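The values are calculated or read from the model by the stated rules, or taken from the named source; none is laboratory data. A quick note: this is a predicted structure, and the numbers were derived from the prediction, not measured. Because the Cβ atoms are built from the backbone with ideal geometry, glycine has one as well, and the counts that use them run over all protein chains shown. Heavy atoms of the whole protein, side chains included, go into the accessibility calculation; ligands, DNA and RNA do not. Shrake-Rupley method; radii C 1.70, N 1.55, O 1.52, S 1.80 Å.
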Amino acid sequence: MDRSNAILQQEQQQQSLNPKDWIAVDPQNAWDLLHEERSLMTRITTSCADLDDILGGGISCKQVTEIGGVPGIGKTQLGIQLAVNVQMPSYCGGLGGKAIYIDTEGSFMGERAQEIAEAYVEDISEYNRFLHKDLQACQGEIQGKDILQNIYFFRICSYTEQIALINHLEEFISDHKDVKIVIIDSVAFHFRQGFEDLALRTRILGEMALKLVKLAKMCNLAVTNICSLYCGLISVPSSLFRISDMICKKHQLTELRKVFGTVTFLFFKVVLLNQVTTRYMEGSFQLTFSLGDSWSRCCTNRIILYWNGNERYAYIDKSPYLRSAAASYSVTSRGIRNSASHCKRSKLE
């Protein structure tokens, strides 16, 4: 009763106020909105030209992007690549920013990040030679050590730490205005267990999603979420995946675990790496994202990473402005690159 009375008193207070006092911002016409989007719509390259092509140039700022795929498909590799590439200088078409990497699973490896950073420095040096720039001056500005120092790394070991960090992000970014991407690998890990009250979990995740969306738009950031698929079939066109039936029967789960294992998803730019699982419905198991349908509506874009034979593919599953399409990519010692079966093309060329 006390809670009901408090809500009733709050509603009565709001009704006594002028409705204009409730509105936090003034309206904006669609033409001005379009001009603002075009002027601020910067992107972060993935270092794979084919993947950049279907993404319209790379991962978009001011949006939340979710990326998912099976274990070993390269979700964390792509997250590290984005954390490095966001530092690309403006004369190369980059943002020249820094990255926040939030690791909830312990999959981030500093040694691997160093390999990708050193390859990035070599690519920039090659691009400078192509432009006939002063190599000595440029190399004095960009070093592998500097790239790693521009990645703010947070290791999260519980959902309480994750909630506290998300609440702290706005203050942290206000003190570090050069941060241009936030990568969460993965958002679902600590929320998949230990929550008996699912309604409370949904409410907490909803508040977390709203904070990330607000940060992405307010700070012109890219937010990326990485998630994982544990078993089941990915909902992509059969012509691309060569499997037309995306529903698996109960007796098939053992074999599917061997084939598919685990899948993950990426979103400032805010990039979210989330997890997916299977749901038993009407006598069969269907692939679904972790944390339920309410969370899946929070991201702007969703990218599914999957295997097609021996090749890795990325498929745009959801986007308000990009058409559904797939592109192959490779995970190499230098990071994310074009598929080995295609002609090698450097993003910097």
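Annotations
- Cross-chain or 6+ apart pairs with Cβ under 6 Å, the range 91-119 first and at positive phi, then outside any helix (DSSP H, G or I): Gly96/Pro89
- Hey, Gln87 in contact with an Asp or Glu (Cβ under 9 Å, 6 or more places away or on another chain), open to solvent by 10 Å² or more (accessible area, probe 1.4 Å) and among the polar types (S, T, N, Q) or not: yes
- Flag for Ser90 being of a type outside the set (Val, Ile, Thr) and under 21 Å from Tyr306 (Cα atoms): no
- Residue in the range 106-120 that is modelled with the highest pLDDT, counting only those that are surrounded by fewer than 19 Cβ atoms within 10 Å (Cβ to Cβ) and outside any helix (DSSP H, G or I): Met109
- Taking each residue of the range 302-314 that is in a strand (DSSP E or B) and looking for partners that are small (Gly, Ala, Ser) and buried (at least 24 other Cβ atoms within 10 Å of the Cβ) with beta-carbon atoms closer than 7 Å, six or more apart or interchain, yields Ile303/Ala314; Ile304/Gly68; Ile304/Gly69; Leu305/Gly68; Leu305/Gly69; Leu305/Ala314; Tyr306/Gly69.
- Of all residues in the range 128-164, those satisfying the criterion of being modelled with pLDDT of 85 or more and buried (at least 16 other Cβ atoms within 10 Å of the Cβ) are Gly144, Ile147, Leu148, Asn150, Ile151, Tyr152, Phe154, Ile156, Tyr159, Gln162, Ile163.
- Only one entry of Gly68, Gly56, Gly72, Gly96 meets the criterion of being out of contact with any helix residue (DSSP H, G or I) (no Cβ under 6 Å at 6 or more places or on another chain), open to solvent by 10 Å² or more (accessible area, probe 1.4 Å) and either assigned to a strand (DSSP E or B) or farther than 19 Å from Arg302 by Cβ (or both), and that entry is Gly72.
- Output for the range 177-200, where each listed residue is open to solvent by less than 40 Å² (accessible area, probe 1.4 Å) and either over 30 Å from Gly96 (Cβ atoms) or part of a loop (DSSP other than H, G, I, E, B) (or both): Ser186, Val187, Ala188, His190, Phe191, Phe195
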